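The values are calculated or read from the model by the stated rules, or taken from the named source; none is laboratory data. Nothing here was measured: the structure is a model prediction, and the numbers come from that model. Virtual Cβ from ideal backbone geometry, glycine too; neighbours counted across all protein chains shown.
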Amino acid sequence: MQQENFSRLKEFRQLKKEIRGSQDYLIVGIDVAKDKHNAFFGTAMGKVLYRRLIFDNDSEGFGRLMLQTKATAVQHSLKKVVYGLEPTANYHKPLGEYLIKNGCTVVLVGTDAVKKNRTLLDGRWDKHDTKDSANVADLISQGKCLYYESPSVELRDVRNLLSFQRKLKKMEHALRMRIRNHLVAQYFPELDKCCNWGAHEGLAIVKSCLNPKLISDLQYDEFLRKIQTRGRSLAQQKRLSQIWRNAYTSIGSEVVPSVDFEARMIVNLLGQVRMSITDTQEQIHIVCRELPEYECLLSIPGFGPDISAKVLGAIGDPWRFNTSAQVLKLVGMDLSASRSGKNSDSVTPSISKKGKSGLRYAIYQAALIASSKNKYFIEYFTNKLIGREKEKGIKTKMRVKLAAKMLVIAWTLMRKKEQFDPKYLNRD
């Protein structure tokens, strides 16, 4: 599989170099949809060969696309064929995998590029399926396309699990906000001020006695038994005592039976989601251990199982990147600036913040931990600050630079399949 991907990557790079103005390529631009796809057939010289082919999203439709492609290529004596897709949710993946398995050259075009290039076709922002498929073909003829990665089964597992984990964490956050901003804020607002939501007590109170009138009717010992807290620390006892006293003067709205039902259901659902997150994290670790690059990433200070899995899933095959600059663009850590006019030479560039924002945040956290805990990183970080200690925000800027360096180190270790060595910190 690795050799196959290397061959496809080599073919893609050759395509980027020679397609502009070439007379050998048949370009098939496909506007992907859920049920039916639209295909446009043209050449790199801008000649239209077949304006619109509509085919179903099934094996028969895919076969029809292949047949029409072969017929068009033979009729116009075109030796090479390239298929272009715009990634649309997950609808493009079955078609992309089908074409790759049949030995076809498949590329992607960026959604942002499609949007900006649409107006250039005829000077209008008008949008429809026929124009979109022609738009995709036009971008490919200019060489403005992306490599269509076909990852291994293990890497696909990692990415699927990471995607599922993100969905679960969004669900967890939504449930927590529902509890605090809807239930607590409306029926017992004093609870939010003195409750530790990281502990068991807050959810236990919401589930068992959200109604402050119910708490005020209980003795303090009865209140503690009702929420079933164990091993109470002095700080927790102080918080619970304050909550019990606040119940007597609460300004919360009247609690109707449906509110108690909703509170129980949400707390139970939140517990299930958190258990699912824990199980998913364990499964991610199990799958990642099958990949040799995972142990290399874990050797980097500040890289735990979570960050290592995210880096592994994002980079995938490290050989698909030629330079470290391409890796930094993946997470938006490449430098950009608006340089124009008299001040163009004095503008200070900043990171573009394009790409995978979640991974960018994770890498920064890794840099923060490493520059605080590991002696080699502490020394490196301190040397970078010498002479610039009084600059505003310099620590954050240096940590961003350190995060970028750590990402490049991670990519290098994945390529070489080596463990981390402090010598990498002193390399440019």
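Of everything in the stretch 326-358 that's within 20 Å of the chain's Cα centre (by Cα) and of a type in the set (Val, Ile, Thr), which residue is farthest from GLY316 (Cα to Cα)? Taking the candidates together, the pick is ILE351.
Find the residue count for the stretch 64-103, including only residues that are among the charged types (D, E, K, R) and exposed (fewer than 13 other Cβ atoms within 10 Å of the Cβ). Break it down stepwise before answering.
As a first pass, look at the stretch 64-103 and keep what is among the charged types (D, E, K, R): 64, 70, 79-80, 86, 93, 97, 101.
Narrowing the set further to residues that are exposed (fewer than 13 other Cβ atoms within 10 Å of the Cβ) leaves 70, 79, 101.
Residues in the stretch 64-103 being among the charged types (D, E, K, R) and exposed (fewer than 13 other Cβ atoms within 10 Å of the Cβ): 3 in total.
On the basis of being under 16 Å from ASP260 (Cβ atoms) and surrounded by 14 or more Cβ atoms within 10 Å (Cβ to Cβ), does LEU224 make the cut? Against the criterion (under 16 Å from ASP260 (Cβ atoms) and surrounded by 14 or more Cβ atoms within 10 Å (Cβ to Cβ)), LEU224 does not qualify.
Applying the criterion of being hydroxyl-bearing (Ser, Thr, Tyr) and buried (at least 16 other Cβ atoms within 10 Å of the Cβ) to the residues of the stretch 128-160, the residue that is farthest from ALA33 (Cα to Cα) is SER141. Looking at the stretch 264-379, the helices (runs of 4 or more DSSP H) lying wholly inside it that each contain 2 or more residues that are surrounded by 15 or more Cβ atoms within 10 Å (Cβ to Cβ) and touching an Asp or Glu at 6+ places or on another chain (Cβ under 9 Å) sit at 305-315. Screening the candidates GLY143, GLY103 for the property of being on the phi > 0 side of the Ramachandran plot, of a type outside the set (Ser, Thr, Tyr) and in contact with a helix residue (DSSP H, G or I) (Cβ under 7 Å, 6 or more places away or on another chain) yields one hit, GLY143. Could you look through the stretch 44-63, keep only residues that are among the small types (Gly, Ala, Ser) and over 21 Å from GLN23 (Cα atoms), and pick out the one that is surrounded by the most Cβ atoms within 10 Å (Cβ to Cβ)? Of everything passing the filter in the stretch 44-63, GLY61 is surrounded by the most Cβ atoms within 10 Å (Cβ to Cβ).
Test of understanding: among SER344, SER276, which residue is free of Cβ contacts under 8 Å to residues at least 60 places away in the same chain, among the small types (Gly, Ala, Ser) and not assigned by TED's automatic domain parsing to the domain that holds MET406?
Numbers: SER276 fails: free of Cβ contacts under 8 Å to residues at least 60 places away in the same chain.
SER344 is the lone residue from the list that is free of Cβ contacts under 8 Å to residues at least 60 places away in the same chain, among the small types (Gly, Ala, Ser) and not assigned by TED's automatic domain parsing to the domain that holds MET406.
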